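Next up is a structure, given as structure tokens.
The values are calculated or read from the model by the stated rules, or taken from the named source; none is laboratory data. These figures come from a predicted structure and were not determined experimentally. Here the Cβ positions follow ideal geometry from the backbone for every residue, glycine too, while neighbour counts run over all protein chains shown. Side chains included, ligands, DNA and RNA excluded: accessible areas come from the protein's heavy atoms. Shrake-Rupley method; radii C 1.70, N 1.55, O 1.52, S 1.80 Å.
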Amino acid sequence: MTASLTLNKITAQKGISIAEAASRVADLGWTPSYVQEAMTFPTDYKISKTPRDPMKQVLRSYFPMQEEKDNRVYGALDAALRGDMFRNVEPRWVEWMKLFLAIIPFPEISAARSMAMVGRLAPGEELRTGFTMQMVDEFRHSTIQMNLKKWYMENYIDPAGFDITEAAFGKCYATTIGRQFAEGFLTGDAITAANVYLTVVAETAFTNTLFVAMPSEAARNGDYALPTVFLSVQSDESRHIGNGHSMLMAMINDPSNHQLLERDLKYAFWQNHAIVDAAIGTFIEYGTTNRDKNKESYAELWHRWIYEDYYRTYMLPLEKYGIKIHHDDVAAAWDRIVKKNYVHKTAQFFTVGWSANFWRIEAQTEKDFEWFEHKYPGWYAEFGDFWKWHAKLSVPGETNILFNSEVGYSYPHRCWSCMVPCLIREDFCCDEVDGKMYTYCSEGCRWTHKVAFAAEYEGRATPAMGRFSGRREWEDCYHGWDIADAIKDLGFVRPDGKTLVAQPHLRFEEKDMWTLDHVRGHQLGSPLRGFRALSPIEREVAITDYRKGFKINPCH
Amino acid sequence: MSAQPSRAAAKPAFVKSGAAGSAVFPGSESRKYNYFEPKGRKATHYEDMTVDVQPDPERYLLQDWIISFPDGTPTYSKDWTAAKSSNWHKFRAVDQEWERTHYQRQSTICGMVQNTIENGRKSGAPARFDAAWVKILQNHLGAYKHAEFGLGTSTMQAQRYGYTQMVNNAILTNSSYKLRFAQDITLYLSEIGLDLPGFDIAAGKQHWLEDPIWQGVRKSIESIMGSNDYLEQYFATNVVFEPLVGELFRSGFLMQAAAAQNDFITPAVVSAAEADYERNLANTVELFHILGEDPTHGAHNIALFNKWLVKHADLAFDAANHLQPIWSQPRVKVTTFNDALGHAKNRIKGIATELGLKVPANLAS
């Protein structure tokens with residue numbers, strides 16, 4: 001055999017180029033002349049330019065590539081079991097996965113559905129191939145995540161919470177923010193939902209904290225499965241980001257779209273910040289046991305992925321097209337994370353509400369305190385006593401921290417817009433929409449409900465824009481209920497019919513576990529009902545008082 | 001900072017491992033998704049991956065849908081089809097497809113198709129195709145790829161509207177199969193075109209848009225794409241168009257005639273679509289059978305499906321008849337149009353009977 005002879009040389013034959021293949025596939029579409037295509041989901045945008053498919057991939061190469069990715073993922077899961085991963089995994093981390101993995105498959109499949117909404121909007125067929133692949137990708141993500149969750153359920157010490165996962169997703173006060181996230185992808189104006197909110201903002205910016213930053217933390221906690229699955233998921237995102245950008249570029253040259261684009265970039269950024277930072281910030285900062293001071297905090301990760309990567313390199317260049325960028329909101333979101341303790345207050349809220357959760361939250365310890373103080377100076381003064389109280393009150397028989405007046409925590413209002421509670425007290429605000437009073441966590445969320453989700457925007461009719469609906473204040477669903485009855489109704493009780501799924505600790509012995517009887521005797525109430533019942537003068541007093549906040553009492 | 005740890009009252013029990021079985025406590029053995037009724041004795045993996053991922057107010061959605069369209073229509077609405085069900089959650093896809101099985105199957109098909117084309121081309125097969133047959137592939141298989149694409153985009157649209165995850169995912173995989181096959185044909189023709197001097201890759205689209213032979217098919221496809229009812233789209237695709245036109249052209253012509261024209265490649269490429277259809281048909285029959293047997297809405301649904309059947313069968317039958325001249329074009333005749341159409345009519349009759357539907361008069365003979 002001569003040195004120059006290779007198998008490739010023997011078997012190679014002339015083929016068509018990738019660009020040619022993509023171009024011929026794009027030519028499969030045509031403009032119907034006998035019957036018009038079914039009415040698509042409407043948009044108020046005008047799309048006159050044909051978007052280009054930057055990836056130029058065809059399904060013949062896509063399916064084998066994805067199968068290979070899958071083989072790596074499932075092989076890694078098998079390897080993790082053979083390597084006894086769960087012997088060394090940190091339960092503190094896996095417990096938070098009960099919440100995260102209850103939420104995420106629905107946003108994923110919602111993204112698949114939303115491809116139907118954009119698929120017929122753009123002229124030309126080129127990008128439809130991109131949307132097709134994204135549709136199948138999102139189907140992949142949703143079911144691969146359901147598989148991961150099942151795998152945790154089968155192999156982790158405490159499966160309770162994983163076993164009720166999709167039922168819990170529909171009912172829990174915390175997963176409600178994930179539903180807001182997902183429904184935003186596929187309801188209302190098709191471009192607002194499926195292009196700007198989903199691909200331009202959620203996928204381009206926030207999947208980096210979701211699917212890149214969070215897996216790193218998982219690995220630090222002995223969980224190699226989550227990074228395997230989610231980095232594989234993230235590898236599909238570049239294609240989705242390309243779809244989003246291409247569609248954006250097909251609209252951006254038409255100045256009549258600028259007003260709506262500015263509205264939607266602002267709405268989408270603020271909602272993503274309020275929802276994703278609350279949830280993922282909590283998982284990363286409070287789900288970990290790794291307190292290496294050299295690693296990045298969530299604030300530092302945010303600065304890298306959202307500020308530098310998205311804001312500076314993706315959003316700012318849009319200004320050259322005449323788009324006014326909402327710089328103030330980016331600064332405000334940053335302040336909420338680094339100065340106003342948004343993530344820490346969210347973790348605190350989830351912990352106060354632990355008994356109505358379907359996962360365990362153990363107390364942070366001295367080792368954690370030191371790291372938090374190092375990364376967020378002033379943290380200990382505000383949150384140290386709270387976590388001590390949580391540890392102290394984690395024993396069955398103690399008064400549930402949610403109702404324990406000794407602690408000094410004051411239950412928050414729910415934000416009607418992002419559905420995270422109004423945790424940064426000084427930013428609390430309210431407004432009337434269609435004659436009804438609503439509460440909001442921030443000016444950005446007030447604007448979203450009152451101004452963005454309306455039939456008119458700055459004097460321009462927006463007939464395609466969605467509306468907020470449903471029973472958006474979770475607390476209202478159980479107003480006047482005893483918390484034990486509410487937990488039972490939620491289904492957050494273990495198979496013995498009495499032990500709570502949630503526990504305020506990681507002790508795996510029956511004697512340490514809380515039951516319905518331990519929490520019975522306290523009523524839940526809707527803060528909004530009380531707020532609406534106030535007179536205007538009383539309301540002003542209540543607002544002033546709320547904005548002052550509260551102080552956790554010392555825990556001895 | 002205080003150095004006072006306050007965990008004395010809560011000294012942890014020392015469980016070293018986070019692995020299943022390392023402690024026994026209430027719920028420690030609850031290792032199955034327990035929030036839905038499996039179809040069989042035990043939940044299948046497909047069911048675990050699929051059921052209830054798309055929630056609704058009847059299934060745990062405590063706060064209802066929280067965003068609506070401007071007219072008040074929620075994120076998912078039962079009104080998006082005229083069909084009614086007393087239990088939309090009953091349906092399970094017969095092919096049990098979830099992401100891993102879908103990619104495995106699609107990838108296997110891609111490999112099979114690509115290998116067949118590559119090896120065929122290496123052996124110089126396209127140059128040995130009968131000249132009349134090459135024209136048929138260029139003009140008519142080239143036109144037909146657009147029909148497959150139309151069904152793919154139609155089902156891509158339809159997968160947004162179903163009331164449950166099971167319905168939508170079955171329609172989604174249907175879409176994925178159709179779009180792959182449309183691309184399979186496109187790339188196949190492009191590649192053999194490299195070996196066939198004068199082969200006009202653009203001719204297929206021209207025939208699709210202008211040739212009278214194809215205008216019935218185009219009208220039938222555009223009528224499916226133009227329906228505002230997602231289940232009508234799904235029904236018309238698999239219950240009507242596929243047996244009456246899709247299979248007629250694929251199995252009733254291409255796969256039977258090709259070998260006699262020295263073409264062993266086309267049947268292999270096309271065979272994948274026949275296997276895809278068997279799965280899509282099984283899912284479709286299961287869904288429409290459930291709806292037809294619905295204890296409350298069965299009669300309404302059967303009447304509706306009969307209406308859809310008449311509407312789309314008229315179009316598809318007309319489309320099929322317009323294709324007749326193609327059967328005369330190969331130099332070596334293997335099968336007649338009438339035989340193929342008779343087979344197609346039997347096929348649709350069988351499907352309609354399975355669903356308890358009345359076979360339209362023009363198909364009954």
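On the given criteria, is A:Ser17 within 42 Å of the chain's Cα centre (by Cα), more than 8 Å from chain B (Cβ to nearest Cβ), touching a residue at least 60 places away in the same chain (Cβ under 8 Å) and surrounded by fewer than 16 Cβ atoms within 10 Å (Cβ to Cβ)?
So A:Ser17 fails the test.
Kindly establish whether A:Met85 is open to solvent by 40 Å² or more (accessible area, probe 1.4 Å) and either farther than 30 Å from A:Lys171 by Cα or facing chain B (nearest Cβ under 9 Å) (or both).
no
Go over the candidates A:Glu183, A:Glu237, A:Glu203 one by one and state the one that is buried (at least 23 other Cβ atoms within 10 Å of the Cβ) and away from every other protein chain (no Cβ under 14 Å).
Result of the check over A:Glu183, A:Glu237, A:Glu203: A:Glu203.
Just to check your reading of the model, which residue among A:Met133, A:Met117, A:Met153 is at the interface with another protein chain (Cβ under 9 Å from one of its Cβ atoms) and over 30 Å from B:Ser22 (Cα atoms)?
Only one candidate qualifies: A:Met117.
Every residue, every condition in (1) part of a loop (DSSP other than H, G, I, E, B); (2) more than 20 Å from A:Gly124 (Cβ to Cβ); (3) at the interface with another protein chain (Cβ under 8 Å from one of its Cβ atoms), yes or no:
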position	(1), (2), (3)
A:Ala21	no, no, yes
A:Lys46	yes, no, no
A:Pro54	yes, no, no
A:Gln66	no, yes, yes
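State yes or no: is A:Gly435 crowded, with 19+ Cβ neighbours inside 10 Å, without any contact (Cβ under 8 Å) to a residue 60 or more places away in the chain and either out of contact with any Ser or Thr (no Cβ under 9 Å at 6 or more places or on another chain) or at positive phi (or both)?
Taking the combined requirement at face value, the residue does not satisfy it.
Still on this structure, I have one more. Check every one of the helices (runs of 4 or more DSSP H) wholly within segment A:110-220 and list those with 1 or more residues that are within 30 Å of A:Met465 (Cβ to Cβ) and either modelled with pLDDT of 95 or more or among the polar types (S, T, N, Q) (or both).
Fully inside segment A:110-220 and qualifying: A:126-155, A:165-171, A:176-186.
Right, something else. So which residues in segment B:33-77 are in contact (Cβ under 8 Å) with a residue 40 or more places away in the chain, farther than 27 Å from A:Tyr478 by Cβ and charged (D, E, K, R), if there are any at all?
Result: B:Lys39, B:Glu47.
So that you can scan it fast, the table gives a plain yes or no per residue for (1) open to solvent by less than 10 Å² (accessible area, probe 1.4 Å); (2) under 24 Å from A:Gly161 (Cβ atoms):
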site: B:Ser28; (1), (2): yes, yes
site: B:Pro38; (1), (2): no, yes
site: B:Glu47; (1), (2): yes, yes
site: B:Val51; (1), (2): yes, yes
site: B:Gln63; (1), (2): yes, yes
site: B:Pro70; (1), (2): no, no
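Residue check, B:Val167 against (1) β-branched (Val, Ile, Thr); (2) within 30 Å of B:Ser86 (Cα to Cα); (3) in contact with a Lys or Arg (Cβ under 9 Å, 6 or more places away or on another chain), all met but one. Which one?
(3)
Can you tell me how many residues within segment B:52-70 are outside any strand (DSSP E or B) and either closer than 20 Å to A:Ala454 by Cα or charged (D, E, K, R) (or both)?
The total comes to 7.
Still on this structure, please answer the following. Among the residues of segment A:490-511, count how many are outside any helix (DSSP H, G or I) and open to solvent by less than 60 Å² (accessible area, probe 1.4 Å).
15
Give segment A:396-412 a look and list any residue that's open to solvent by less than 20 Å² (accessible area, probe 1.4 Å) and under 14 Å from A:Asp545 (Cα atoms), or say none.
A:Pro412
Taking A:Asp78 and the conditions (1) without any contact (Cβ under 8 Å) to a residue 12 or more places away in the chain; (2) in a helix (DSSP H, G or I); (3) closer than 19 Å to B:Lys178 by Cβ, which numbered condition does it fall short on, given that it satisfies the others?
Every condition holds for A:Asp78 apart from (3).
Going by the conditions given, is A:Pro536 away from chain B (no Cβ under 13 Å), open to solvent by 20 Å² or more (accessible area, probe 1.4 Å), touching a helix residue (DSSP H, G or I) at 6+ places or on another chain (Cβ under 7 Å) and more than 30 Å from B:Gly27 (Cα to Cα)?
no
So the check is Cβ under 6 Å with 6+ separation or different chains; which pairs have a first residue in segment A:294-306 that's open to solvent by less than 60 Å² (accessible area, probe 1.4 Å) and a second one that's at pLDDT 95 or above?
A:Ser297/A:Lys375; A:Tyr298/A:Gly281; A:Tyr298/A:Ile284; A:Tyr298/A:Glu285; A:Tyr298/A:Val343; A:Ala299/A:Ile337; A:Ala299/A:Val338; A:Trp302/A:Ile337
Out of the helices (runs of 4 or more DSSP H) lying entirely within segment A:246-348, which hold 1 or more residues that are within 22 Å of A:Gly184 (Cα to Cα) and basic (Lys, Arg)?
Output list reads A:258-272.
Can you pull out the residues in segment B:308-365 that are in contact with a helix residue (DSSP H, G or I) (Cβ under 6 Å, 6 or more places away or on another chain), open to solvent by 30 Å² or more (accessible area, probe 1.4 Å) and polar (S, T, N, Q)?
Passing the criteria: B:Gln324, B:Gln329, B:Asn362.
Which residues, taken from segment A:413-432, are open to solvent by 50 Å² or more (accessible area, probe 1.4 Å) and part of a helix (DSSP H, G or I)?
Correct list: A:Glu426 only.
Could you check segment B:64-89 and list, in sequence order, the residues that are more than 9 Å from chain A (Cβ to nearest Cβ), closer than 30 Å to A:Thr43 by Cα and among the small types (Gly, Ala, Ser)?
Those that are more than 9 Å from chain A (Cβ to nearest Cβ), closer than 30 Å to A:Thr43 by Cα and among the small types (Gly, Ala, Ser): B:Ser77, B:Ala82, B:Ala83.
Among the residues in segment A:512-520, are any of a type outside the set (Phe, Trp, Tyr), more than 9 Å from chain B (Cβ to nearest Cβ), in a helix (DSSP H, G or I) and under 26 Å from A:Trp416 (Cβ atoms)?
For segment A:512-520, residues of a type outside the set (Phe, Trp, Tyr), more than 9 Å from chain B (Cβ to nearest Cβ), in a helix (DSSP H, G or I) and under 26 Å from A:Trp416 (Cβ atoms): absent.
Something else about it: Among the residues of segment A:88-107, which ones are open to solvent by 10 Å² or more (accessible area, probe 1.4 Å) and not aliphatic (A, V, I, L, M)?
A:Asn88, A:Glu90, A:Pro91, A:Arg92
Sticking with this structure for a sec: How many residues, within segment A:454-489, are within 24 Å of the chain's Cα centre (by Cα) and either open to solvent by 30 Å² or more (accessible area, probe 1.4 Å) or within 8 Å of chain B (Cβ to nearest Cβ) (or both)?
Of the residues in that region, 11 qualify.
Among the numbered conditions (1) crowded, with 24+ Cβ neighbours inside 10 Å; (2) touching a Ser or Thr at 6+ places or on another chain (Cβ under 9 Å), tell me where A:Ala391 comes up short.
Only one criterion is unmet by A:Ala391, namely (1).
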